[in-house]
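A quick write-up on the structure given underneath.
Derivation of every value follows stated rules applied to the coordinates shown; laboratory data play no part. Predicted model, so just to flag it, every value in this text is computed and none were measured. Using ideal geometry, Cβ is built from the backbone for each residue, glycine included, and neighbour counts are taken over all protein chains shown.
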Amino acid sequence: MTEFPEPVALLVFDPRPDIRLIAADMDGTLLDDAKELHDHFWPLVDELFRRGIRFCPASGRQYHTLHRLFGDVADELVYIAENGAYVVKGRDEVSSDTLDDDVVRRVVLAVRELGAAGADVGAVVCGKMSAYIERVDPPFKEQVDHYYVSQLVVEDLLERPEDGILKIAIYDFGSAEQGVARGLAGFTGEVKVVVSGEHWVDVQNIDTNKGNGIRHIQWALGITPAQTMVFGDFLNDLEMMDAAEYSFAMDNAHPELRARARYVAPSNEENGVVRTISAVLGLPWTG
């Protein structure tokens, strides 16, 4: 007989916590596997606004992409974009952490070397104003288009327009963890090389992470870790688990993240973020 895993129970806390900030990763967390927001998110976020609770998408995605995704409520949200390198309240910058130009140059050259050696990889240089790419074949461009609404194709990534560079994202058509992450291991200690998805690796400053992004928001808005709830599923969410008393790994999360989080929420396909928030705050949820 086939055995199925037990469903994750929704948690209820007594007393109910005074939550003022809720941050959620996007892919594998808030979004379903079709990369869509669940229908129940919209009434939930309206209720959070009514109660004075800030909602924060916390993603490796570009700020411009996140802002467009949230439509009419976009200017009411706080964003942790580019894995914490760019924190924005509505349209106003809260903090940013840009890479040194020499580091950008050397990482781009290293990615080119990996490609010349046979790895199927491509780099996205992520600035505040735009993302920049030089590889334009349809399979790679399709992956980039998912995450970067504002993008510019340049002939040479080393000759891009002037911009503050927040991150270099590298897409590996194989395993990012076994491929490009190992290929860039020589940069460890100088910058952070983090696997942010099955096929993506992000290169950022060592102290850049979503956890520090949460702390910048907490400081700016006068919110404590005890008033903060966070959700994540992958390795680029690890530090975020340390910035909130109410830290949740999704049931579909990477084992390291489950070990780091205090609690577990139902999977992204089970609308785990919305259902958990509703249970913890005593909000109505139907579905």
(request) Work out, in µm²/s and without decimals, the Stokes-Einstein translational diffusion coefficient of the chain at 20 °C, 1.002 mPa s, Rh from Kirkwood over C-alpha pairs. (result) 111
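If you place +1 on the Cβ of every Lys and Arg and -1 on the Cβ of every Asp and Glu, how big does the dipole about the Cα centre of the range 55-175 come out, in debye to the nearest 20?
200
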(message) At 222 nm, what value in deg cm²/dmol follows for the chain if DSSP H runs of at least 4 each add -39500 (n - 2.57) and the sum is divided by all its residues, to the nearest 500?
(response) -7500 deg cm²/dmol
(message) As a quick test, which of the pairs 35/89; 141/210; 128/167; 89/210; 35/192; 141/192 have an alpha carbon distance above 21 angstrom in this structure?
(response) 35/89; 141/210; 35/192; 141/192
(request) When a/c is below 1.5 the answer is rounded, else prolate if a/b is larger than b/c, else oblate, so apply that to the range 164-287 with a ≥ b ≥ c taken from the square roots of the Cα gyration tensor eigenvalues. (result) oblate
(request) Taking the chain as the reference, fit the longest principal axis to its C-alpha atoms, fit the long axis of helix 41-50 to the helix C-alpha atoms, and give the angle between the two in degrees, 0 to 90, nearest 10. (result) 70
(request) Give the calculated FRET efficiency between residue 75 and residue 136 to the nearest 0.05, with a Förster radius of 41 Å applied to their Cβ-Cβ distance. (result) 0.80
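List 25, 145, 72 from most exposed to least, where exposure is judged by having the fewest other Cβ atoms within 10 Å. Please report the intermediate quantities before stating the final value.
Working: 25 30, 145 12, 72 7.
Listed from fewest to most nearby Cβ atoms, that is 72, 145, 25.
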(request) Would you please classify the overall shape of the range 215-269 from the alpha carbon gyration tensor, given that a ≥ b ≥ c denote the square roots of the eigenvalues, rounded means a/c under 1.5, and beyond that prolate means a/b larger than b/c while oblate covers the rest? (result) prolate
(message) As I understand it, the value is the acute angle between the Cα axis of helix 210-221 and the longest principal axis of the Cα atoms of the chain; what does it come to in degrees, rounded to 10?
(response) 60
(message) Under a Cβ-only charge scheme (Lys and Arg +1, Asp and Glu -1), can you give me the dipole magnitude of the range 1-70 about the Cα centre, in debye to the nearest 20?
(response) 540
(message) With angles folded into 0 to 90 degrees, how steeply does helix 101-116 sit against the dominant principal axis of the chain? Use alpha carbons for both and round to 10.
(response) 80
(request) Just subtract the alpha-carbon distance of residue 100 and residue 259 from 0.36 nm times their residue separation and send over the number in nm, one decimal. (result) 53.9 nm
(message) Let's see if you can work this out: charge +1 on each Lys and Arg Cβ, -1 on each Asp and Glu Cβ, no other charges. What is the dipole magnitude of the chain about its Cα centre, in debye to the nearest 20?
(response) 700
(request) Considering only 146, 67, 38, give the residue with the highest GNM mean-square fluctuation for the chain, with springs between Cα atoms whenever their separation is below 10 Å. (result) 146
(request) Give a quick list of chymotrypsin sites (Phe, Trp or Tyr not before Pro) in the range 116-173 that DSSP marks as loop, anything other than H, G, I, E or B, with at most 15 other Cβ atoms within 10 Å. (result) 173
